[in-house]
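J.: Before I ask anything, let me first share the structure, which is written out below as structure tokens.
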Amino acid sequence: DLEEARAIAQHAVALAGPGPAGMPALEALGDACLYLGRLDESRAAAEELARRAEAVGDMHSYVLGRVNAALAPRYGGQVIGPEAIADLPARLSDPSPTSRAWIAYTNGEIIGDRAPDTALAHYHEAIRLARSVDSRFAEGVALVSACALQARAGDVPDALSQFAEVIDHWAKLADN
């Protein structure tokens, strides 16, 4: 129930106050709003997450905030340029494979149908990085986007065969 998740996350943000304790709730709020299509709210939560995370040096949460702040308008149909997150790799002294996977995934989403081959390369990099540290959610999201893009770009038979891998991935994740 995404509306309930949103309400709980809003309550948690309010209870936690302005410091770093509210960062997990901000991430949950941003995600719930993203899934609900409340893109302005999602972006605002993501920007606040990035601000708080940067203030305390939590670079993974900072990356999540920045990429979600770029994804929200993109999912709303806005054309977002790669400059939206281009500075992230340089700002992170040693980004984790999971953070790098989210950056690669977001680059794929930003480029999307405008440059499908480049977007697919970003998705495949996200999958590789996520698998290297068993970051199964990041891997699954990138798998879905890669398959969907392949289907839209005209390689339907290959996309269909890869959707079986995607379904298997999510089924295994649900069993854990």
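The values are calculated or read from the model by the stated rules, or taken from the named source; none is laboratory data. As the structure is a prediction and not an experimental result, all values here were calculated from the model. Please note: Cβ atoms are built from the backbone with ideal geometry, for glycine as well, and neighbour counts cover all protein chains shown. The area values use the complete protein model at the heavy-atom level, side chains included, leaving out ligands, DNA and RNA. Shrake-Rupley method; radii C 1.70, N 1.55, O 1.52, S 1.80 Å.
J.: Using +1 at the Cβ of each Lys and Arg and -1 at the Cβ of each Asp and Glu in the chain, identify which of Ala90, Ala174, Ala146 lies farthest towards the dipole's positive end.
T.: Among Ala90, Ala174, Ala146, the one farthest towards the positive end of the dipole of the chain is Ala90.
J.: Using just the helices of the chain, give the 222 nm mean residue ellipticity in deg cm²/dmol: DSSP H runs with n ≥ 4 each add -39,500 (n - 2.57), and the total is spread over all residues, rounded to 500.
T.: The helix-only estimate for the chain comes to -26000 deg cm²/dmol at 222 nm.
J.: Rounding to the nearest 10 and keeping the result within 0 to 90°, find how far the Cα-based axis of helix 2-16 lies from the longest principal axis of the chain.
T.: Value to nearest ten degrees: 40.
J.: For the chain, what is the relative contact order in percent, using Cα pairs closer than 8 Å and at least 6 residues apart in sequence?
T.: Reported as a whole number, the value is 12 percent.
J.: Another question, if that's okay. If you take the charge dipole of the chain about its Cα centre, with +1 on Lys and Arg Cβ and -1 on Asp and Glu Cβ, which of Leu2, Ala70, Ser135 is farthest toward its positive end?
T.: Ala70
J.: Need one number: nm distance between label points at Val56 and Gln78, each 7 Å from Cα along Cα→Cβ, rounded to one decimal.
T.: 2.7
J.: For region 70-81, what does the Karplus curve 6.51 cos²θ - 1.76 cosθ + 1.60, with θ = phi - 60°, yield as ³J(HN,Hα) per residue in whole Hz, taken in order and with x for Gly and Pro?
T.: These are the phi-based 3J(HN,Hα) values: 7, 5, 4, x, 4, 5, x, x, 6, 7, 10, x Hz.
J.: Asp155: net charge of surrounding residues, Cβ under 15 Å, Lys/Arg +1, Asp/Glu -1, itself excluded?
T.: Result for the local shell: -3.
J.: Now for a different question. What ranking of Asp40, Asp113, Asp158 comes out by heavy-atom accessible area, probe 1.4 Å, highest first?
T.: Order by accessible area, largest first: Asp40, Asp113, Asp158.
J.: Compute the angle between helix 23-36 and the longest alpha-carbon principal axis of the chain, please, reported from 0 to 90 degrees and rounded to the nearest 10.
T.: 50
J.: Please report how far the C-alpha centroid of region 10-81 lies from that of region 130-149, rounded to the nearest whole angstrom.
T.: So the separation of the two Cα centres works out to 20 Å.
J.: How high is the relative contact order of region 62-160, in percent, counting Cα pairs under 8 Å that sit 6 or more residues apart?
T.: In percent, rounded to a whole number, it is 22.
J.: Mind checking the dipole of the chain: about its Cα centre, +1 per Lys or Arg Cβ, -1 per Asp or Glu Cβ, Debye to the nearest 20?
T.: Dipole of the chain, to the nearest 20 debye: 260 debye.
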